[in-house]
Amino acid sequence: MNQSVKRIDVKGPHGTWSYETPSWSERFPIVMGDTYRHGGVSKAPYESLNLAFHVGDEAQSVRENRAIIAKYLGVEPKRISCGNQVHGLKAVEITEDLVGAGAFGEDTAIADCDAVFTKLPNVPLFLFTADCVAVGIYDAKHHAIATVHAGWRGAIGHLPVLTIESMKEAYGTEFKDCYIYLGPSIGPESFEVDVELGKRFEIAWRGMTDRSVADIVNYPGCKLDKAYINLWNFIAEGLMVNGVPKENIAISGTDTVTDRDCYSYRRESGKTGRMALFGMLQER
């Protein structure tokens, strides 16, 4: 964790739960954070604050865990809104008729959707991760918010950029007015991939910046068939080249693979829970 983010501990009904928040969020009428895994009711291997239905956890445990976050936010759990996350490139606006999508079950989440955005106050947007990068976006000029699921497919497909472009169509959002938070996720020393994927990222990187490719991909001499990807740098650079000021971007720096406070799909061989990036506008 770096100085652009901080950890908040909250006393809950099942012990202390915690979340990480970008420091810039304190200046605006919003609440944004990315939860850690403790302080909920889920049993192993999802213990304990699993917030996603699709992983195999008991649905009632997920509902109880979501209610903990909703109570902290001061809203009813039925207002939680989210997509079903298919590693695609679709961003959807949460309008009044979509408030509550996915709140109580995966079957009502917005289909084929990996990013949601809204101008509605008191509507928590949820996004679920266990290594993928969760990206929070706030448009300070138009008071609009988004949560974006950026695994390697969402990153290389520039979903955070596409989401801001969708917000521009809906609200007039400009990149220069946006603040960004990249939550806990797989770090550059943990994201080992094959050389083919490394080369794909290298080509995409060269297509958008003149910075050294070493800032995004590393081919270690002892593992010539492997590459290591820095998703944090890749996502941040894509946003900056489109006009987001560098000082507006907060990167967690928490590596979910090595930090046992986090869920990690890779470390736990796919059988684990999900943290949630939540973003909610307050009245201004």
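Restricting to the stretch 27-48, give me the number of residues that are within 12 Å of TYR181 (Cβ to Cβ) and surrounded by fewer than 16 Cβ atoms within 10 Å (Cβ to Cβ).
0
Looking only at the stretch 79-111, how many residues end up being in contact with a strand residue (DSSP E or B) (Cβ under 7 Å, 6 or more places away or on another chain), polar (S, T, N, Q) and not in a loop (DSSP other than H, G, I, E, B)?
Count: 1.
Any residue in the stretch 270-279 that is more than 13 Å from the chain's Cα centre (by Cα) and open to solvent by 10 Å² or more (accessible area, probe 1.4 Å)?
For the stretch 270-279, residues more than 13 Å from the chain's Cα centre (by Cα) and open to solvent by 10 Å² or more (accessible area, probe 1.4 Å): present.
Quick check on my filter: what residues within the stretch 142-188 are free of Cβ contacts under 8 Å to residues at least 60 places away in the same chain, touching a strand residue (DSSP E or B) at 6+ places or on another chain (Cβ under 7 Å) and farther than 22 Å from ILE110 by Cβ?
ASP177, PRO188, listed by residue number.
Select from the stretch 95-113 the residues that are of a type in the set (Val, Ile, Thr) and open to solvent by 30 Å² or more (accessible area, probe 1.4 Å) and list them in ascending order.
Those that are of a type in the set (Val, Ile, Thr) and open to solvent by 30 Å² or more (accessible area, probe 1.4 Å): THR95, VAL99, THR108.
Restricting attention to the stretch 9-26, and to residues there that are among the β-branched types (Val, Ile, Thr) and surrounded by 13 or more Cβ atoms within 10 Å (Cβ to Cβ), which single residue is nearest to THR118 (Cα to Cα)?
Restricting to residues being among the β-branched types (Val, Ile, Thr) and surrounded by 13 or more Cβ atoms within 10 Å (Cβ to Cβ), the top hit is THR21.
Do any strands (runs of 3 or more DSSP E) entirely within the stretch 144-262 hold 1 or more residues that are within 25 Å of ARG7 (Cα to Cα) and open to solvent by less than 10 Å² (accessible area, probe 1.4 Å), and if so, which?
The strands (runs of 3 or more DSSP E) meeting that bar are 144-150, 178-182, 249-251.
Among the residues of the stretch 4-14, is any among the polar types (S, T, N, Q), more than 21 Å from ALA130 (Cβ to Cβ) and modelled with pLDDT under 95?
Looking through the stretch 4-14, at least one residue is among the polar types (S, T, N, Q), more than 21 Å from ALA130 (Cβ to Cβ) and modelled with pLDDT under 95.
Select from the stretch 128-143 the residues that are in a loop (DSSP other than H, G, I, E, B) and not charged (D, E, K, R) and write down the one among them that is farthest from ALA276 (Cα to Cα).
Residue satisfying both the conditions and the ranking: HIS142.
Of these, VAL116, VAL92, which one is more than 28 Å from THR258 (Cβ to Cβ), open to solvent by 10 Å² or more (accessible area, probe 1.4 Å) and either touching a helix residue (DSSP H, G or I) at 6+ places or on another chain (Cβ under 6 Å) or not hydroxyl-bearing (Ser, Thr, Tyr) (or both)?
VAL92
The values are calculated or read from the model by the stated rules, or taken from the named source; none is laboratory data. If you're wondering where the values come from, they're calculated on a predicted model, not measured in any experiment. FYI the Cβ positions are ideal-geometry reconstructions off the backbone, even for glycines, and counts take in every protein chain you see. Surface accessibility is based on the protein's heavy atoms, side chains included, excluding ligands, DNA and RNA. Shrake-Rupley method; radii C 1.70, N 1.55, O 1.52, S 1.80 Å.
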